[in-house]
Amino acid sequence: MKRILITSILGFLFSGLFMSCQEDEIKFYTGPVAINMTVDGDGTFVSNETNEEKTFKIEFAVQGEVSDRDRVLKLAFGKGHTAVAGTNFDMPMEVIIEAGRLDTIIECKAYREGLTMEPLMFDLVVDPSGDFVGGVNDELLVKLMLGYPTKWIDPSGWAAEYWLGKCTQAKYAFVFEQLGTLDLGPYQGSFGSGYMDLMNKFNKILETDPRLDDDGKVMKFGPGY
């Protein structure tokens, strides 16, 4: 009886171990070969600067396996697109993802001429007639306009975003008014502590002279704002 009991327990343990191994199997992506898009930079020209063109970078990342051949990524414009190719911007509409690669970067050149404070939309999507379909991030929206950047010019990469909060054009206009520059690098301080000082300084000014942010709410600097 004891032997039967031990055998049953061992059988149960081996069965559980086998099921656990099955559950822990690595799952590979088996869907269609897709492209995800991200942008580095923006298409906003600061009103009182004189640069006539600027460049922002677009990164394409493959969602799928590496290929031993070159593949063609075809691009198109989405429903929200209002900018004019050749007038407001220039970029290739077909991109080669080289054999053995899972990503590539291209540059899009935007032009100041013809832009106003009302944005023209750059709405980029994947054309499925090529070798790829759209992935999780399958649409890229960039505003081409006169105004202020929508991303902090911050060499640390994260401190200004944390201490000053989300970057908006209204906030950047206020920062430029106070500092006379868009480059936050000189104010970084040790481990970003200079940005904390800016946050406190700006919020103190706004207590006596409130401003509205892009969303119509009272402007405030800091995490979560």
Heavy atoms of Tyr225: accessible area, 1.4 Å probe, square angstrom to 10: 120
Restraint check, Lys143/Lys217; Lys74/Lys109; Lys54/Lys217, Cα-Cα greater than 23 Å: Lys54/Lys217
Dipole of the chain [Lys/Arg +1, Asp/Glu -1 at C-beta], most positive-end residue of Met117, Ile106, Phe202: Phe202
Whole-Hz couplings from phi, Karplus 6.51/-1.76/1.60, listed for region 104-111; x for Gly and Pro: 7, 10, 10, 10, 10, 9, 9, 10
Length added when fully stretched, Val66-Tyr162, from 0.36 nm per residue minus Cα-Cα: 30.9 nm
Mean separation of Cα contacts under 8 Å (6+ apart) over length of region 32-116, as relative contact order %: 37
Region 41-147 pair-distance distribution - Cα-Cα, 5 Å bins, rounded %: 2, 12, 22, 22, 16, 11, 8, 4, 2, 0
Heavy-atom accessible area order for Ile153, Ile205, largest first, 1.4 Å probe: Ile153, Ile205
Value of relative contact order over the chain, rounded to a whole percent, pairs C-alpha under 8 Å and six or more apart: 19
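Over region 148-224, what relative contact order in percent results from Cα pairs under 8 Å that are six or more residues apart?
So the answer I get is 37 percent.
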GluC sites (Glu not before Pro) within region 106-179: DSSP coil, no more than 14 neighbouring Cβ in 10 Å: Glu113
Environment charge of Tyr195, counting only residues whose C-beta is closer than 10 Å and scoring Lys/Arg +1, Asp/Glu -1: -3
Residue-level accessible surface for Trp158, protein heavy atoms, 1.4 Å, Å²: 150
Glu177/Lys74 FRET efficiency (R0 30 Å; Cβ-Cβ; nearest 0.05): 0.10
Most to least accessible of Thr168, Thr38 (protein chains only, probe 1.4 Å): Thr38, Thr168
Solvent-accessible heavy-atom area per residue, rounded to whole Å², over the chain at 1.4 Å: 61
List Glu118, Glu98, ordered by accessible area with a 1.4 Å probe, largest first: Glu118, Glu98
Only Lys, Arg (+1) and Asp, Glu (-1) charged, at Cβ; the chain dipole about Cα centre in debye: 860
Theoretical FRET efficiency, 1/(1+(r/R0)^6), r = Cβ-Cβ of Asp209 and Thr82, R0 35 Å, to 0.05: 0.50
Cut-off under 5 Å, modelled amide H: who pairs with Gln63 long-range: Ala34, Ile35, Asn36
Long-range HN-HN contacts of Gly189 with modeled amide H, under 5 Å: Gly194
Net charge of Cβ neighbours under 14 Å - reference Gly224; Lys, Arg +1; Asp, Glu -1: +1
Separation in nanometres of the label points that stand 7 Å from Cα toward Cβ, at Thr50 and Asn137: 3.6
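The values are calculated or read from the model by the stated rules, or taken from the named source; none is laboratory data. Because the structure is predicted, anything quoted here is derived from the model rather than measured. Reconstructed Cβ throughout: ideal geometry from the backbone, glycine too, with neighbour counts over all protein chains shown. Ligands, DNA and RNA are excluded from the accessible area calculation, which covers all protein heavy atoms including side chains. Shrake-Rupley method; radii C 1.70, N 1.55, O 1.52, S 1.80 Å.
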